[in-house]
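*Asks:* Take this structure, written in structure tokens, and hold onto it; I'll ask about it next.
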Amino acid sequence: MKVKYFLTFTVVVAASCLLVALFTSPAHSRAASVAASGSITGKITYTGTPPKAKPIDMAKEPSCAKQHATPVTTEEVATGPDNTLEYVVVYISSGDQAPSAPTEGARYDQKGCQYVPHVLAFQVNQDLQIYNDDQTSHNIHPLAKANQEWNKSQPPGTPPIDAKYAKPEFIPVKCNIHPWMHGYFAVLGTSHFAISDKDGIYKIAGVPAGTYKVTAWQEKSSPVTQDVTVAGGETKADFSFKVTPY
Amino acid sequence: MRLKNLALGFVSALLILSLGGAATAWAQESHPAGRTGYAYKDGPFEDSGKQLYGRYCIGCHGPEGDSNGENAPWIDPKPRDFTLAVFKCRSTPTGTLPTDDDLYNAITRGFVTTNMPAWKPLSPDQRANLIAYVKSFSPRWKAEKPGTPITIPPETPINIDSVLRGRALFQKMECWKCHGPAGHGDGPSASTLTDSKDNPIRPYNFSIGTRFKCGTTNQDLYRIFMTGLDGTPMPSFADVIKPDEAWDLVHFLRSLQLALPTQELALWKAYYAAHASEVKPIGPENAPGGGK
């Protein structure tokens, strides 16, 4: 008797598992087989008065100071010709059906007591390697909130530090030893992103046809989002930030 | 007949499930899951963590555990923000949650030179119940497990060679950038330091002999620089200092404690008296990147 009940129960469970599997799997293959793909490109500009880039005094770290022929300046609001902005992360914030897994790790360098690049964008769970190219110790201290905050010393000549972040977050990075060192990790839930160059230009390639919310993020400003429809080829989307001198 | 059996079975299964759920909910309210090291008892209601927190902790740490209690504006350093689940004194690697024992020890020890007293008047069970409540302020405690405590190998012999090796490491690891060449907490970066909430923070001054925030023993000192003090500028050196070197560094740091009669200080004084001319000063002139 008992055996019979057990058998019936097993059959019912197995059947429902099969049904669930049947209904869920086609959705995944649909998302992956989107045909035409294009790119989103544009220019990042600002209105208003940006803060002046301040020169950084590295006299306390001679081994870094001598790497810079001209004094380096702060990069929180990096402006280019014709009111353009550098280091703006542009990414698909909603509607991304097929984020692809990263094929290689992201690399972040500490060079001349600066973070290179100033803003590094990468995907959740992507391998990140942090290098110290300097002749001085740095402590790399990403001030994560949604992810785990950690703080590690990295003396010169030591191997790169491996890291990974599981949740999307814009994480300020600092070195406590060299207080002028500031950077950002942009940990994104999409594989479709780009960072504006020194002329304020960005290009997100390999975007499947569709309608998306695209967000531009600048570390000192409120993010700007717009709807963008990609139908193959190149789609233009310019973004403008309001900046203040303080 | 069959149908009746089936219905009975279903109802009893539901009953068991819901009872189990209630038991789990109660367990989470007053007991941290996976707690080890302390016997846990069901105390009377006033001993529960929430009641105790409301009576003893809320004034500084705040009703939401976010360090915004009514006393907080007048306190420096600021109370811990439990919503971030970032803790200074851990036995676990940087970036991981502390163990319950770490939190228990922090409550028991208090934090010297801060407004956080040692809570010895509370019974061990009361302190344990407080830990359970403190852990309810951040979802991290549900999503993550505490880190695995670091291994501390047996201490190496204390002798002048170990002190000197530790001294070289203090130079090489550039501890002096914050803690100062003589450990007075006056290194070139000291005045710029802020914690993760942008509040100014001082590096430890070894010379005055106040006890360390995270314990008093050599093991505690070892643990501090190998795990780092999360939420502060003090990084972890676990990846770059080997265990033997770490003990050397402990022995050197003890020699900086001028206000205490440490064995290491006596060894250093005797060595310095005989070898003053050979001793290279700690500081930028001997930094790896070269001086000016």
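The values are calculated or read from the model by the stated rules, or taken from the named source; none is laboratory data. Just so it is clear, the structure is predicted and the values come from calculations on it, not from any experiment. Cβ: placed from backbone, ideal geometry, glycine included. Neighbour counts: every protein chain shown.
*Asks:* Is it the case, given these coordinates, that A:Q129 is facing another protein chain (nearest Cβ under 10 Å) and either farther than 25 Å from A:E104 by Cα or free of Cβ contacts under 8 Å to residues at least 60 places away in the same chain (or both)?
*Replies:* Against the criterion (facing another protein chain (nearest Cβ under 10 Å) and either farther than 25 Å from A:E104 by Cα or free of Cβ contacts under 8 Å to residues at least 60 places away in the same chain (or both)), A:Q129 does not qualify.
*Asks:* Looking only at segment A:145-162, filter to residues that are assigned to a strand (DSSP E or B) and surrounded by fewer than 20 Cβ atoms within 10 Å (Cβ to Cβ); which one of those is nearest to the other protein chains (Cβ to nearest Cβ)?
*Replies:* Step by step, filter segment A:145-162, then rank; the result is A:I161.
*Asks:* Give segment A:132-173 a look and list any residue that's under 16 Å from the mean Cα position of the chain (by Cα) and under 27 Å from A:Q67 (Cβ atoms), or say none.
*Replies:* Within segment A:132-173, A:P142, A:L143, A:A163, A:I171, A:P172, A:V173 qualify.
*Asks:* Among the listed residues B:A106, B:A168, B:A128, identify the single one that is farther than 15 Å from B:V86 by Cα, touching a Pro at 6+ places or on another chain (Cβ under 9 Å) and of a type in the set (G, A, S).
*Replies:* B:A128
*Asks:* Among residues belonging to segment A:99-125 that are free of Cβ contacts under 8 Å to residues at least 40 places away in the same chain and outside any strand (DSSP E or B), point out the one that is nearest to the other protein chains (Cβ to nearest Cβ).
*Replies:* Among those that are free of Cβ contacts under 8 Å to residues at least 40 places away in the same chain and outside any strand (DSSP E or B), it is A:G105.
*Asks:* Also, I was wondering about something else. For segment A:172-179, state whether one or more residues are in a strand (DSSP E or B), surrounded by 17 or more Cβ atoms within 10 Å (Cβ to Cβ) and aliphatic (A, V, I, L, M).
*Replies:* Within segment A:172-179, one or more residues are in a strand (DSSP E or B), surrounded by 17 or more Cβ atoms within 10 Å (Cβ to Cβ) and aliphatic (A, V, I, L, M).
*Asks:* Before we move on, is A:D199 more than 10 Å from every other protein chain (Cβ to nearest Cβ) and either at pLDDT below 95 or surrounded by fewer than 21 Cβ atoms within 10 Å (Cβ to Cβ) (or both)?
*Replies:* Yes: the conditions hold for A:D199.
*Asks:* Only one of (1) within 14 Å of chain A (Cβ to nearest Cβ); (2) touching a residue at least 12 places away in the same chain (Cβ under 8 Å) fails for B:T156. Which number is that?
*Replies:* (1)
*Asks:* With the structure loaded, tell me whether A:Y165 is surrounded by 16 or more Cβ atoms within 10 Å (Cβ to Cβ), modelled with pLDDT of 95 or more and more than 14 Å from chain B (Cβ to nearest Cβ) or whether it fails that test.
*Replies:* no
*Asks:* Which one of these is more than 27 Å from the chain's Cα centre (by Cα) and surrounded by 18 or more Cβ atoms within 10 Å (Cβ to Cβ): A:K60, A:K43?
*Replies:* It is A:K60.
*Asks:* Six or more apart or on different chains, Cβ under 6 Å: which pairs go from a residue in segment A:232-246 that's farther than 16 Å from A:T79 by Cβ to one that's polar (S, T, N, Q)? Could you list them?
*Replies:* That search, which allows pairs on different chains as well, returns A:E234/A:S39; A:E234/A:T41.
*Asks:* Has segment B:117-131 got at least one residue that is within 14 Å of chain A (Cβ to nearest Cβ) and in a loop (DSSP other than H, G, I, E, B)?
*Replies:* no
*Asks:* Then there's this: Which condition number does B:P235 fail, the rest of (1) away from chain A (no Cβ under 14 Å); (2) of a type outside the set (S, T, N, Q); (3) under 18 Å from B:C178 (Cα atoms) being met?
*Replies:* If we test B:P235 against (1) away from chain A (no Cβ under 14 Å); (2) of a type outside the set (S, T, N, Q); (3) under 18 Å from B:C178 (Cα atoms), just (1) comes out false.
*Asks:* Working only within segment A:61-98, note down all residues that are more than 14 Å from chain B (Cβ to nearest Cβ), farther than 24 Å from A:F185 by Cα and either charged (D, E, K, R) or not in a loop (DSSP other than H, G, I, E, B) (or both).
*Replies:* A:P81, A:D82, A:N83
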